[in-house]
Each structure stands twice: as C-alpha cells, then as structure tokens.
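Quick notes on the structure that follows.
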Ligand SMILES: C[S@@+](CC[C@H](N)C(=O)[O-])C[C@H]1O[C@@H](n2cnc3c(N)ncnc32)[C@H](O)[C@@H]1O
C-alpha cells in the first residue's frame with residue numbers, strides 16, 4: 001500500500017485525475033487487506049472497496065464509481081478535490097457567514113451517515129423523547145430539530161417545547177418557515193447574551209459546531225450555560241466537527257488555524273475540558289463519533 005500511495009501521490013502532483021486497475025474487491029469478501037489471491041493464473045493483493053475509499057480520502061480525492069475491466073478486475077478513478085471551502089468565506093455581515101446565501105446552506109448534515117448515526121446515538125443517550133424543554137444554540141435553519149421531528153411520533157414531538165437561537169437572521173427566518181407548530185420558537189440573537197432572552201432553564205441543551213466559533217469564549221461560555229440555563233436533571237449534547245466540507249464531500253479531520261495538516265489537539269483539549277467539568281458537576285459523560293465527535297452528558 002505504501003508503494004501504491006507514493007505512486008499515486010506523485011501522479012496527482014501533475015494530474016487532476018488518476019486511474020488504475022485492481023482486483024475486483026467483490027471476489028474476496030471477508031479477506032483482510034493485503035491478502036494474496038490467485039485467480040486464473042494471476043496473483044493479486046486484495047483490498048476492499050473501503051480501503052480504496054480511504055486511500056482516495058487520504059490523497060484529498062474523491063473516488064468515482066469503479067468500472068468493470070475484466071472478469072477479475074475493476075478500474076478505479078481518483079479525482080482531486082477542489083481546494084475551495086466555504087470556511088474561507090467572509091461576508092460583510094459576520095453573522096451571515098452561515099446564512100441562507102452562504103455556501104454552507106448547500107450542506108445537509110442529516111444526509112451524511114457518519115453525522116446521522118453519531119447524532120442519533122447522542123439523542124438516544126440523552127433520552128430526548130422524555131424531555132419537556134429543548135434548547136439549541138447555533139440552530140441555523142433547524143436541521144437538528146428536523147431530525148428529531150422525523151424521529152419522534154407527532155404527538156410526542158409536539159409535546160416538547162423547542163427553542164432555537166442563531167445570530168444569522170436569514171437562517172432563523174428559514175427555520176421559522178419550516179416549523180409552524182406552536183411548540184417551536186426561534187430567536188435571531190447572539191448566544192453570548194443568552195440571558196437577555198430570559199428563557200428559563202432547559203432539560204436538554206444541544207449545540208453542534210458552534211461553541212468553538214471565533215466570537216465565543218468556550219470555557220466560560222460552557223460553565224455559564226450549565227450553571228444558568230440547564231436544569232438540575234438536564235442533559236447536554238455538544239457536537240464538535242472533526243471534518244471539513246469541501247467540493248461536495250465531508251472530509252475527515254478538522255483544520256486548525258496555523259496548522260497545515262488537520263490536528264486533533266485543540267479539539268481533544270476542548271472535549272476533555274467539557275468532560276472534566278461536567279463530571280465534576282456530577283454528570284455522566286459519553287463521547288462518540290468520528291467526523292463529528294459528540295459529547296453527551298446526562299445527570300447521574
Ligand atoms: C458551523 S455553524 C453550525 C450550524 C449547525 N448547528 C450545524 O451544525 O450545521 C455555526 C452556527 O452558529 C451560529 N453562531 C456562531 N456564533 C454565534 C453567536 N455568537 N450567536 C449566535 N449564533 C452564532 C452561526 O450563525 C451558525 O449558524
């Protein structure tokens with residue numbers, strides 16, 4: 001695999017697409033990567049489709065659908081991803097960086113299995129169906145509530161009060177137009193000034209991809225959230241992106257300012273801080289996920 005990786009990396013310096021012929025992965029299901037396979041007098045090294053997809057991702061490429069080349073082989077094509085990412089956009093009004101006119105609005109996380117399974121697991125651990133008041137900070141156009149609506153029976157969903165806050169006016173307008181039942185409330189507001197809204201306490205607080213935003217002082221913000229806005233027997237779901245959205249793909253690995261490669265240190269530091277703080281406050285804490293890491297805290 002090292003030799004294959006090096007050859008492809010060299011070719012991708014000059015080409016935007018590379019293609020090569022490999023053993024059809026379907027012919028050796030259940031084998032481990034690198035197993036020697038002899039078929040019709042030829043020797044191959046087996047790799048699964050997943051291994052090839054991983055290699056494509058490691059080389060910043062998307063893998064196109066393999067094409068059958070012979071009875072034993074397929075042609076794989078790796079296409080280099082564009083380097084542009086919406087993360088580089090800086091609109092005049094900072095609060096509209098994630099608004100309805102931004103490239104971010106083309107993303108639907110709920111359609112990515114890696115996000116979906118991790119978020120569903122967190123909602124399950126937090127026993128969402130039993131909650132009465134749910135707050136979401138950085139709700140954007142409401143996708144995280146939309147999934148709960150899909151998950152719960154109508155009656156159960158409508159018996160919970162949902163409050164979503166985001167400073168993007170356009171995203172909040174869209175959220176309001178998607179949910180018209182009286183149990184849904186949306187505010188266009190700076191979450192640093194959450195107290196101004198006088199919303200009372202919530203028994204579930206969700207915040208995904210938001211607490212690490214530039215204008216938020218993560219540690220004091222988290223403490224204030226738990227002390228002043230979460231009920232004593234409440235639960236908390238924090239989602240930390242460990243991925244970037246590039247050229248239609250959710251690419252593994254959070255990119256940190258001043259780091260060329262993705263680096264987990266800041267992310268792990270923030271998760272560890274929340275975990276220790278919440279454990280001190282007598283919460284039981286679970287951490288799960290890959291492209292999105294979820295910390296779920298429930299009162300003990
Ligand atoms: C990366 S997006 C995540 C949105 C959504 N939770 C998701 O995961 O797709 C961060 C969201 O937080 C909002 N946001 C960032 N800082 C904020 C602040 N100080 N007050 C209110 N909203 C804020 C942004 O407008 C944006 O919608």
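Out of 220, 214, I need the residue that is within 9 Å of the ligand (Cβ to nearest atom), loosely packed, with under 11 Cβ neighbours inside 10 Å and farther than 28 Å from residue 129 by Cβ. Which one?
On inspection, the qualifying residue turns out to be 214.
Hey, does region 192-207 have a residue that's part of a strand (DSSP E or B), in contact with a helix residue (DSSP H, G or I) (Cβ under 7 Å, 6 or more places away or on another chain), closer than 27 Å to residue 293 by Cβ and near the ligand (Cβ under 9 Å from one of its atoms)?
Here is the first cut: in region 192-207, the ones part of a strand (DSSP E or B) are 202-207.
Keeping just the survivors that are in contact with a helix residue (DSSP H, G or I) (Cβ under 7 Å, 6 or more places away or on another chain) gives 202, 204-206.
When the remaining residues are screened for being closer than 27 Å to residue 293 by Cβ, the result is 202, 204-206.
The next check asks that each one be near the ligand (Cβ under 9 Å from one of its atoms); those that pass are 206.
Looking for residues that are part of a strand (DSSP E or B), in contact with a helix residue (DSSP H, G or I) (Cβ under 7 Å, 6 or more places away or on another chain), closer than 27 Å to residue 293 by Cβ and near the ligand (Cβ under 9 Å from one of its atoms), one finds at least one in region 192-207, hence yes.
Scan region 178-186 and tell me whether some residue there is without any contact (Cβ under 8 Å) to a residue 60 or more places away in the chain, within 13 Å of the ligand (Cβ to nearest atom) and in contact with a strand residue (DSSP E or B) (Cβ under 9 Å, 6 or more places away or on another chain).
yes
Scan region 283-296 and tell me whether some residue there is farther than 30 Å from residue 63 by Cα and in a helix (DSSP H, G or I).
no
What number of residues within region 123-175 are farther than 19 Å from residue 110 by Cβ and near the ligand (Cβ under 10 Å from one of its atoms)?
4
Within region 63-84, identify whether any single residue is closer than 22 Å to residue 290 by Cβ, surrounded by fewer than 18 Cβ atoms within 10 Å (Cβ to Cβ) and away from the ligand (no atom under 16 Å from the Cβ), and answer yes or no.
Within region 63-84 (the criterion being closer than 22 Å to residue 290 by Cβ, surrounded by fewer than 18 Cβ atoms within 10 Å (Cβ to Cβ) and away from the ligand (no atom under 16 Å from the Cβ)), the answer is yes, since at least one residue qualifies.
Restricting to region 138-165, name every residue that is outside any helix (DSSP H, G or I) and in contact (Cβ under 8 Å) with a residue 40 or more places away in the chain.
Correct list: 138, 139, 140, 141, 142.
Got at least one residue in region 44-52 being outside any strand (DSSP E or B) and either farther than 23 Å from residue 249 by Cα or in contact (Cβ under 8 Å) with a residue 60 or more places away in the chain (or both)?
yes
From the list 213, 231, which residue is assigned by TED's automatic domain parsing to the domain that holds residue 141 and under 30 Å from residue 61 (Cβ atoms)?
On inspection, the qualifying residue turns out to be 213.
The values are calculated or read from the model by the stated rules, or taken from the named source; none is laboratory data. Just so we're clear, the structure is a prediction, and the values are computed from it rather than from any experiment. All Cβ positions, glycine included, derive from the backbone under ideal geometry; neighbour counts span all protein chains shown.
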